[in-house]
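Here the structure comes first, spelled out in structure tokens, and everything after it is commentary.
The numbers here are math on the coordinates, done by the rules we state, and not lab data. Keep in mind it's a predicted model, so treat the numbers as computed, not measured. Quick reminder, even Gly has a Cβ in these numbers, built from the backbone with ideal geometry, and neighbours come from all protein chains shown.
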Amino acid sequence: MKPFNLIAFLLFLAGAVWALTRSEPTVREIQKAYFSAVSPFLKSGSALETRARTFLDEVRHSKELEAELEVVSGEVGRLRIIETRIRDLEKENAQMRHALEFKKATQFDVVAALVTRRQPTTWWQTAEIDAGQERGIGTQFPVLSNEGLVGKIDWTDKGRSSVLLLTDEKCQVSAKVEGTPEVGILSGQRGQFMGKPLLRLKFLSKNAELRPGQRVFTTGRGGIFQPNILLGTIESVEKGAMDSEALVRPSVNFADLGTVFVVLARES
Amino acid sequence: MFLVLAAFVVQQFLPAFTGFHHSRILLVQLVFLCAAVTVGQPVMLLLAFICGFLWDAHSTLSPDGGDPAVYTQPVEALRFGYSILLFGAMGFLMQGIQPLFQQGKWQFSALLSGIAIFLYLAAEFLIITFVRGGFVLSQATVLQMAWTSLFTMLFSPVIFWILFKISDLCQHSIHITPDKRRRRNR
């Protein structure tokens, strides 16, 4: 090897080691600078992708969309009524907590956002939304759709955020099975991204008595997700020597994500 | 360098092909591979560092949040900086057939770029498997890697053409022997 090439190779190795040993905050800063630089292109890219997808969807499903719109309009009306009721209950709950001398009464609010890009990287199940720090969104905030839990915020910029979807192996959620004492950790499975992928609910008790169709909700433990958010339904149970695992069909149709809601944890 | 930075911009506009197992065109990797065969080792290593660094800035995930008492087994992601080494390895692979490229046989380089992309994806998958444990290789994953390699490889003649054009504009030779250049120009 020529001396100049050897020096270049050693410098390259030193650079690689330097990059590999960066701390998490430094990596976040690097990413922040990178996304700030490519932000104008990301917006254009997202807009292009959204337009192309909208056009194709309109061509293929114009009649279906009309029918769906009617159903959704009805559903919105119904949800408004439910929301009003929930707000009343929330108010009542806050008052009761106050009455019980809780130091803080916690309220939750949501920010609506549109999914602008899907899976911008090869291996991670992520999506980008058109809302960011400007609207109070921070990392690890839960993301919902009207069907259930979508995931959590992975990174956020001024006007954009990336959502780590529930179908990703790295998105772990503390979950409970309706009508049973079973509690476990739910996450996506590696290499499943077509159609409606199944999730895996781990660390259930050895003799977990579960039936297909039972609903799975968040427990509220772990400090990220609020309790009682629908995650999916039990598909099958695999019993092991030490514990059991269940396959869960997600309640959200990840192939058709449109509008999502980011939950803002707000103290009042 | 200009082409690499342009590739990062264009990459933002390239969505995954959902109908083909979420495969995609990895333009950044392709531009690097095509460039790697046209330059010397020091420049190739510089490009590998820049590409790997920016690619990881583009795709590294945040650490797990939440209460460690509840989430007792956090799922590891790929560490920032790993791509620099993978890009470097791919660059050395491409430089292995640089003599053929210098004889004007760029088709071998184009074919090797597809193979290199497949090896790059396989390496990434194996690293993920290693850090997370539990070897799960589904048919969908293999097809995703294969389609991504194929789609990316199909664009390599375009990238070589752009590289030739840029070198002509800059009046820089990318080491094609004179007789081959005459034959190309004819």
Discussion item. List the residue ranges in chain B for DSSP H helices whose C-alpha atoms run 30 angstrom or more along the long axis and whose Kyte-Doolittle average is 1.0 or above.
Written reply: B:106-132
Worksheet item: About its Cα centre, how strong a charge dipole does chain B have in debye, to the nearest 20, once Lys and Arg get +1 and Asp and Glu get -1 at the Cβ?
Response: 1080
Worksheet entry | Cβ-based exposure ranking for A:Ile234, A:Ile30, in which fewest neighbours within 10 Å come first | A:Ile30, A:Ile234
Discussion item. Given a 10 angstrom Cα cut-off, can you work out which residue in B:Gly96, B:Gly133, B:Gly52 is the most mobile in a GNM of chain B?
Written reply: B:Gly133
Practice prompt. Would you list, by chain and number, the aspartates and glutamates whose Cα falls below 12 Å from the Cα of B:Lys165, excluding same-chain residues fewer than 8 positions away?
Written response: none
Worksheet, complete the sentence: Going through A:Lys63/A:Lys196; A:Lys63/A:Lys202; A:Lys32/A:Lys176 one by one, the pairs whose alpha carbons sit over 31 Å apart turn out to be A:Lys63/A:Lys202; A:Lys32/A:Lys176
Worksheet item: Taking the Cα centre of the protein assembly as shown as the origin and placing charges on Cβ (Lys, Arg +1; Asp, Glu -1), which of A:Thr122, B:Ser149, A:Pro40 is farthest toward the positive end of the dipole?
Response: B:Ser149
Response to the item:
For B:Val39, A:Val260, B:Val131, ascending order of other Cβ atoms within 10 Å (fewest first) is B:Val131, B:Val39, A:Val260
Practice prompt. Work out the length of the dipole vector of the stretch A:173-251 about its Cα centre, built from +1 on the beta-carbon of each Lys and Arg and -1 on the beta-carbon of each Asp and Glu, and round it to the nearest 20 debye.
Written response: 160
Worksheet item: What is the set of long-range amide H partners of A:Gly151 at a cut-off below 5 Å, with H atoms built 1.01 Å from backbone N?
Response: A:Val143, A:Leu166
Worksheet item: Over the stretch A:173-251, what is the relative contact order in whole percent, taking alpha-carbon pairs under 8 Å and six or more residues apart?
Response: 31
Worksheet item: aspartates and glutamates within cross-link reach of A:Lys152: Cα-Cα under 19 Å, excluding same-chain residues under 8 positions apart?
Response: A:Glu24, A:Asp109, A:Glu128, A:Asp130, A:Glu134, A:Asp168, A:Glu169, A:Asp256, B:Asp64, B:Asp67, B:Glu76
Worksheet, complete the sentence: Exposure proxy check on B:Met44, A:Met242, B:Met1: fewest-to-most Cβ neighbours within 10 Å is A:Met242, B:Met1, B:Met44
Practice prompt. Evaluate the charge dipole of the protein assembly as shown about its Cα centre and quote only its size in Debye, nearest 20, assuming +1 on the Cβ of each Lys and Arg and -1 on the Cβ of each Asp and Glu.
Written response: 1460
Worksheet item: Which value at 222 nm does chain B reach when only helices count, each DSSP H run of 4 or more adding -39,500 (n - 2.57), with the total divided by all residues and rounded to the nearest 500 deg cm²/dmol?
Response: -21000 deg cm²/dmol
